[in-house]
Each structure stands twice: as structure tokens, then as C-alpha cells.
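Quick notes on the structure that follows.
The values are calculated or read from the model by the stated rules, or taken from the named source; none is laboratory data. Computed from a predicted structure; not experimentally measured. All Cβ positions, even for glycine, are placed from backbone atoms using ideal geometry, and neighbour counts span all protein chains on display. Surface areas here come from the heavy atoms of the whole protein model, side chains and all, with no ligands, DNA or RNA. Shrake-Rupley method; radii C 1.70, N 1.55, O 1.52, S 1.80 Å.
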Amino acid sequence: MPTKPSDIGWYPRDPNYRKTYEDAMRAALRHYARHGDVTQVQQLLQLVTDKEARFVIARRVAAQFPIRVNQSGKLSRDKDRSPDFDWSAIETASFWPRRIQSDAGHISIRNEDFSLSELIDEVIDVLVLHRHTIADGDLERLQNAVDTVAKRRRSTAPSESGLPTSPEE
């Protein structure tokens with residue numbers, strides 16, 4: 001099952017699109033699990049305008065679920081894998097190939113590994129080098145994402161009341 005960045009050409013720019021698409025795919029697979037009907041999954045695949053990307057996603061779905069993909073990209077039920085299939089896999093499945101892989105604090109981009117800190121340094125370098133050409137809307141999206149992450153971290157941090165303010169206390 002191809003998942004390397006080069007395996008998918010077209011890639012939606014908006015991460016919300018990818019998240020919404022994956023949520024819709026989960027709902028379509030739940031429908032398939034209940035009714036044995038892959039029509040909704042097929043319809044979602046048709047929304048991906050790039051033929052190669054659509055086929056990569058179809059193969060990812062078929063590799064994770066009891067679904068077959070024929071040469072033309074049409075889906076059908078895989079009757080051999082269906083009877084004992086564990087449908088709880090829907091909740092953790094990934095449908096959209098990621099160009100950046102992340103696992104246990106290590107990030108991989110095109111087979112080059114980075115620590116989280118190294119990746120952040122690289123991103124900062126790129127931002128500084130291209131500061132005059134980055135669109136304002138992209139900077140705003142980045143700023144909103146960083147602000148949201150920081151806000152969520154602060155809201156889930158343990159309360160510091162009652163902790164000593166210096167080592168002597």
C-alpha cells in the first residue's frame with residue numbers, strides 16, 4: 001500500500017478539509033459496517049478530484065477494511081474478510097496519506113528524521129527566509145494554530161496553587 005509522499009500528487013491545502021474528509025469517511029464506513037453498502041465510501045472517493053490521489057486513498061481504505069478496489073477504482077465488499085472483521089478499526093484508521101509522518105516524538109519527512117525541536121527550528125528558518133513572500137493569510141493560519149495549541153496546553157496544565165514558589169519553601 002503506497003503511502004510515501006511521492007505516491008500522492010494533489011494534496012488539499014486546508015487541513016480542515018482533510019479532517020472533515022476523514023470524519024465523513026468514518027461515517028461512511030460505519031454505514032458500510034451496518035448495512036454492507038459501500039456506496040457512501042465510493043461517493044466520498046469521487047470528491048477527490050485528482051485520479052491518482054483518489055486511487056491511493058481507495059487502496060488505503062481497502063487495505064484497512066474488507067473492501068476490494070477494481071482497476072477502475074470501483075469498490076465492492078470483500079466477502080472473505082467481512083465475517084470476522086473488527087469494525088472498531090474505524091475510529092483509528094487513517095485515510096489521507098500524510099506527507100509528514102510522526103511517531104513518538106520523531107518526525108519523518110521524505111525519509112529524513114527530525115526531533116520535534118529540530119523540525120520547529122527548520123520551520124522557523126523557512127519562515128524567516130521567506131518572510132517577504134509568505135501570504136498574510138498563511139501567516140494568520142499559522143498564528144491561529146500556534147495560539148490554539150498554546151491556549152489548550154495552558155487550560156490543561158495542572159494548577160500551580162499551593163506549590164512552593166522557591167526551593168526553600
Residue set Ile90, Ile57, Ile8; condition at pLDDT below 85 and either among the aliphatic types (A, V, I, L, M) or touching an Asp or Glu at 6+ places or on another chain (Cβ under 9 Å) (or both); output residue Ile8
Contacts under 6 angstrom Cβ, first residue in the stretch 31-46 being farther than 15 Å from Asp78 by Cα and of a type in the set (Val, Ile, Thr), partner open to solvent by less than 40 Å² (accessible area, probe 1.4 Å) and part of a helix (DSSP H, G or I), 6 or more apart: none
Matching option when the condition is within 20 Å of Ile90 (Cβ to Cβ), among the polar types (S, T, N, Q) and out of contact with any Ser or Thr (no Cβ under 9 Å at 6 or more places or on another chain), among Gln42, Gln64: Gln42
Listing of strands (runs of 3 or more DSSP E) fully contained in the stretch 11-107 that carry 2 or more residues being open to solvent by 80 Å² or more (accessible area, probe 1.4 Å): 100-103
Any chance the stretch 147-161 includes a residue that's modelled with pLDDT of 90 or more, surrounded by 10 or more Cβ atoms within 10 Å (Cβ to Cβ), under 24 Å from Asn16 (Cα atoms) and among the acidic types (Asp, Glu)? yes
Every listed condition ((1) farther than 20 Å from Lys19 by Cβ; (2) without any contact (Cβ under 8 Å) to a residue 40 or more places away in the chain; (3) open to solvent by less than 100 Å² (accessible area, probe 1.4 Å)) holds for Leu142 save (1)
